[in-house]
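First up is the structure itself, then whatever we jot down about it.
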Amino acid sequence: MNKPTLLIPLLMALAAPAASAQAAEPLQTAPAPASPTQQAAAIQGCAEIHAANPSDFTAELCASMSLDDKIAQMFMSYPPLAKEGPVTVGAVIMLGPTLKNAKTLSAKTTDLQSRAAIPLLVAIDMEGGQLNRLQFVPELKDAPSGQKLGEMTEADAEDWGRRLGIQMKKLGLNCNLGPVLDLAGKGHMFDRERSMGEDPDKVARAAKAYVRGMKSQGVVAFGKHFPGYGDTEQNSDQELVVSKRSREELKRQAGPFAEVGRDMGGVLLTNIAFTEYGSEPSILSSGIVSMAHSMVPDWVTMTDDIAVPPLLEATGGDAAEVVRRAFRAGNDIILTTAPIDWDKAVDVRGVVKAEVARDPAAQEKRVDQSVLRILRLKERMGLLDELKKAKAAARAASEKKAR
């Protein structure tokens, strides 16, 4: 199947000379950011960044995109229900019926990529142990739990990461929502054997090796659940959980995430609320999102699933408000396990577009910041190589015609 026709005007725009623009001050990250309007003058949009540095491919690509296309990059969803037409999200998560067997999964991921103008992050929530979503792959039938990974040598942890990366790539998967970096010697993450342990140094060493193994095979990892689920007993997918941990303890819990650092593509935030950050679920907290971006500025921050019931409790039952507040908090990717084109779901892209329309001068630049992080991650993964080649060919043809 051919790529969507969106790619044609995209390449034409990339081949055209860049418009000049006055460069602005770079984004300043702070634990308590100013309002979007106050920040607008200090944030560079894609066009401004590209004008200042014409060789910046991701800025050029971003500047050529429509607002709708940019907003699409900011969502990870269950694969669209439509069997034809363009895939209008930047990432998909494979779960449930999409994980029947290797042949079905591989065919699905190939089809989805063929329908995307910009290559997708194709993710799976693969932890191993009790949560082994790829147990139908013989080589991964005994994939270790986080607890077992934490007990391994760094060499063995890296080897398992490499094994997982090899099999994921065969299936067309390039993104793992893991590993779990939550420190726990008891509680929900410990009981499910998801945590690698409670020693931050030990967890960081094992996780870094495991992530390095995946990365060697072209699979990007998102550590979770930032800034740390800890030894909480409750399940935040089932109830609204509020923690009174101090900022010092939150910093300690976030330590392994910082140690693994840029080897990961980013972090997936917890839905737990922390009283130190306003008692709202972390994915809705600008303070928590800013904490992640201040640790590693080019980390892509991702929400946990916005479709879980406890988030409605935090927004008075308003599902659209969950999306609005997740966007306002500064998340780069908003994750929903609902199909993007399901008629019973909230129009998540429409919610964000309406939010941008309220203050275009500020919010379009805020969108650009997230899209740049996402595109730069895709560039580091090699996903944009074909687009780069196409751009170079289009530009060469344009210059030849002009002579």
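Computed from the coordinates by the stated procedures, all read-outs in this text should not be read as laboratory data. For clarity, every value in this text was computed on a predicted model and none was experimentally measured. Cβ: placed from backbone, ideal geometry, glycine included. Neighbour counts: every protein chain shown.
Sort Glu154, Glu127, Glu321 by Cβ crowding within 10 Å, fewest neighbours at the top. Please list the in-between numbers first.
Numbers: Glu154 14, Glu127 23, Glu321 17.
Result, fewest neighbours first: Glu154, Glu321, Glu127.
Sorting Ile49, Ile272 by the number of Cβ atoms found within 10 Å of their own Cβ, with the fewest placed first, yields Ile49, Ile272.
Work out the length of the dipole vector of the chain about its Cα centre, built from +1 on the beta-carbon of each Lys and Arg and -1 on the beta-carbon of each Asp and Glu, and round it to the nearest 20 debye.
Details: 49 positive and 51 negative charges, 304 e Å.
So the dipole magnitude of the chain works out to roughly 1460 debye.
Within region 234-352, the ratio Rg/Rh, alpha carbon atoms throughout and Rh by Kirkwood, equals 0.97.
For the chain, what is the convex hull volume of its Cα atoms per residue in Å³? Before the final figure, lay out each step's value.
Working: hull volume 53.7 nm³, N = 403.
Roughly 133 Å³ of hull volume per residue.
Close amide H pairs (under 5 Å, H built 1.01 Å from N) link Val220 with Cys175, Asn176, residues at least 5 positions away or on another chain.
Around Ala63, under 9 Å between beta carbons, what's the net of Lys plus Arg minus Asp minus Glu among the other residues?
Numbers: positive: none; negative: Glu48, Glu60, Asp368.
Once all neighbours under 9 Å are counted, the net charge is -3.
Sequentially through region 179-192, phi angles give Karplus couplings (6.51, -1.76, 1.60; θ = phi - 60°) of x, 6, 10, 5, 7, 7, x, 6, x, 4, 5, 6, 4, 8 Hz, Gly and Pro residues having no value and appearing as x. Close amide H contacts of Gly197 (hydrogens built in the peptide plane, cut-off under 5 Å, sequence separation of 5 or more or a different chain): Ala184.
In the structure shown, do any of Lys365/Lys388; Lys83/Lys215; Lys100/Lys353; Lys141/Lys389 have a Cα-Cα gap over 29 Å, and if so which? Beyond 29 Å between Cα atoms: Lys83/Lys215; Lys100/Lys353; Lys141/Lys389.
Could you please rank Ser246, Ser285, Ser290, Ser55, placing first whichever residue has the fewest other Cβ atoms within 10 Å of its Cβ?
Numbers: Ser246 11, Ser285 23, Ser290 19, Ser55 7.
Lowest count first: Ser55, Ser246, Ser290, Ser285.
Find how much the distance from Asp68 to Asn101 grows on full extension, using 0.36 nm per residue of separation minus their present alpha carbon separation; answer in nm with one decimal.
On the way: separation 33, 0.36 × 33 = 11.88 nm, distance 3.38 nm.
Residue separation times 0.36 nm, minus the Cα-Cα distance, leaves 8.5 nm.
Within a straight-line Cα-Cα reach of under 20 Å, Lys391 can be paired with the following lysines, leaving aside sequence neighbours fewer than 8 residues apart in one chain: Lys3, Lys70, Lys378, Lys400, Lys401. Under 5 Å from the amide H of His225 lie the amide H atoms of Leu181, Asp182, each residue being 5 or more positions distant or on a separate chain, with H modelled from the backbone and absent for Pro and chain starts. Note on Lys202: lysines with a C-alpha under 19 Å away, same-chain residues under 8 apart excluded, are Lys148, Lys186, Lys224, Lys251.
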